[in-house]
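Read through the structure below, which is laid out as structure tokens, and then see the notes.
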Amino acid sequence: MLTKERKVYIMELLKRDGFVSIKQLMSILNISRSSVMRDLDELEKEGMIFRERGGASLISADSLLSRYNEPGVIEKEHTNENQKRKICKKAASYLNNGDCIYIDSGTTGIYIIDYIMDKEVDIVSPNTYILSRIPDDFKGKVYVLGGEFKKKSEICTGSLTVEMMKNFKFDYAFLTANGISFENGEVYSYHFGYAALKKEALKRSKCSMLLVDQSKFEKSGLCVWANPIQFQSILVDGTSTLKRKPKNVVVCQ
């Protein structure tokens, strides 16, 4: 088993049991103590685990997302669907004919399509999953950014994707996040490559909007890619879990 495969397997064990011992890993993986220690050291440096005496425990999967525990798009599409639709309906209301918009990776932004069928807008996106939602009679143009394809996330990413994006300027960028902390002033992604795309789209848009439901509040990830104050608007389904409502937060009814 390769190191990468072992680390994934270790994370799966930790997600199931919460704690795993060094002896247990040596037995299950049939590797030496030094190899186990090296794998655990790497996972700890990546912020995935806590090293404990005789083994390791999992940092809360509810608060820290990574490539090891972030579900694929097919699994997430209908999670909080009503909240996502509410947010996307509000996002679509800002658009006018002739606008060029960026729709981010993930499942939240895909619902925008349902609310712009009467508008002639051009879409730019690395999100290949969105293609299945665009009907034949869509009035606008669709530009899919190419690059390295990630099947689990249904997205193209990498330096080629970023370079392709530099050919566009967006009237609106509809961006998503794996987590957001208003208290720390941080917006998170679980993947550095996806974060690079988000940063570039943020830079290339006249108006940037962050689309997040309340489940993302105070949830963190491996990579910080923005500060909440950088967005003209943050569209949410509610603010009941926030101590205070920032000025750029818009509650979607």
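The values are calculated or read from the model by the stated rules, or taken from the named source; none is laboratory data. Since this is a predicted model, take the numbers as computed values, not measurements. Neighbour counts run over all protein chains shown; Cβ positions are idealised from the backbone, glycine included. For accessibility, only protein heavy atoms count, side chains too; no ligands or nucleic acids. Shrake-Rupley method; radii C 1.70, N 1.55, O 1.52, S 1.80 Å.
Test of understanding: among Ile123, Ile103, which residue is under 23 Å from the mean Cα position of the chain (by Cα), open to solvent by less than 10 Å² (accessible area, probe 1.4 Å) and in contact (Cβ under 8 Å) with a residue 24 or more places away in the chain?
Going through Ile123, Ile103 in turn, the sole match is Ile103.
Regarding Ala56, is this residue modelled with pLDDT of 95 or more and surrounded by 19 or more Cβ atoms within 10 Å (Cβ to Cβ)?
no
State yes or no: is Asn80 surrounded by 14 or more Cβ atoms within 10 Å (Cβ to Cβ) and in contact (Cβ under 8 Å) with a residue 24 or more places away in the chain?
yes
Determine, yes or no, whether Glu46 is at pLDDT below 80, in contact with a His (Cβ under 9 Å, 6 or more places away or on another chain) and not hydroxyl-bearing (Ser, Thr, Tyr).
No: the conditions fail for Glu46.
Do you know which residues across the range 126-179 are assigned to a loop (DSSP other than H, G, I, E, B), of a type in the set (Ser, Thr, Tyr) and either modelled with pLDDT of 95 or more or surrounded by fewer than 14 Cβ atoms within 10 Å (Cβ to Cβ) (or both)?
Thr176
Please find, within the range 19-43, the residue that is farthest from the chain's Cα centre (by Cα) out of those that are outside any helix (DSSP H, G or I) and surrounded by 12 or more Cβ atoms within 10 Å (Cβ to Cβ). Can you show your working first?
Here is the first cut: in the range 19-43, the ones outside any helix (DSSP H, G or I) are 19-21, 30-32.
If we keep only those that are surrounded by 12 or more Cβ atoms within 10 Å (Cβ to Cβ) as well, we get 19-21, 31.
Working: Phe19: 27, Val20: 28, Ser21: 31, Ile31: 34 Å.
Only one residue fits best here, namely Ile31.
Can you pull out every residue in the range 1-12 that is surrounded by fewer than 18 Cβ atoms within 10 Å (Cβ to Cβ) and in a helix (DSSP H, G or I)?
Thr3, Lys4, Glu5, Val8, Tyr9, Glu12
Among the residues of the range 197-212, what is the count of those that are open to solvent by 10 Å² or more (accessible area, probe 1.4 Å), more than 11 Å from Val187 (Cβ to Cβ) and of a type outside the set (Ser, Thr, Tyr)?
Summing the residues that are open to solvent by 10 Å² or more (accessible area, probe 1.4 Å), more than 11 Å from Val187 (Cβ to Cβ) and of a type outside the set (Ser, Thr, Tyr) in the range 197-212 gives 5.
Can you tell me which residue in the range 220-235 is surrounded by the most Cβ atoms within 10 Å (Cβ to Cβ), limited to those that are among the small types (Gly, Ala, Ser) and more than 19 Å from Tyr102 (Cβ to Cβ)?
Gly221
Any idea which of Phe192, Phe217 is at pLDDT below 95, in contact with a strand residue (DSSP E or B) (Cβ under 7 Å, 6 or more places away or on another chain), of a type in the set (Phe, Trp, Tyr) and surrounded by fewer than 18 Cβ atoms within 10 Å (Cβ to Cβ)?
Of Phe192, Phe217, the one residue that is at pLDDT below 95, in contact with a strand residue (DSSP E or B) (Cβ under 7 Å, 6 or more places away or on another chain), of a type in the set (Phe, Trp, Tyr) and surrounded by fewer than 18 Cβ atoms within 10 Å (Cβ to Cβ) is Phe192.
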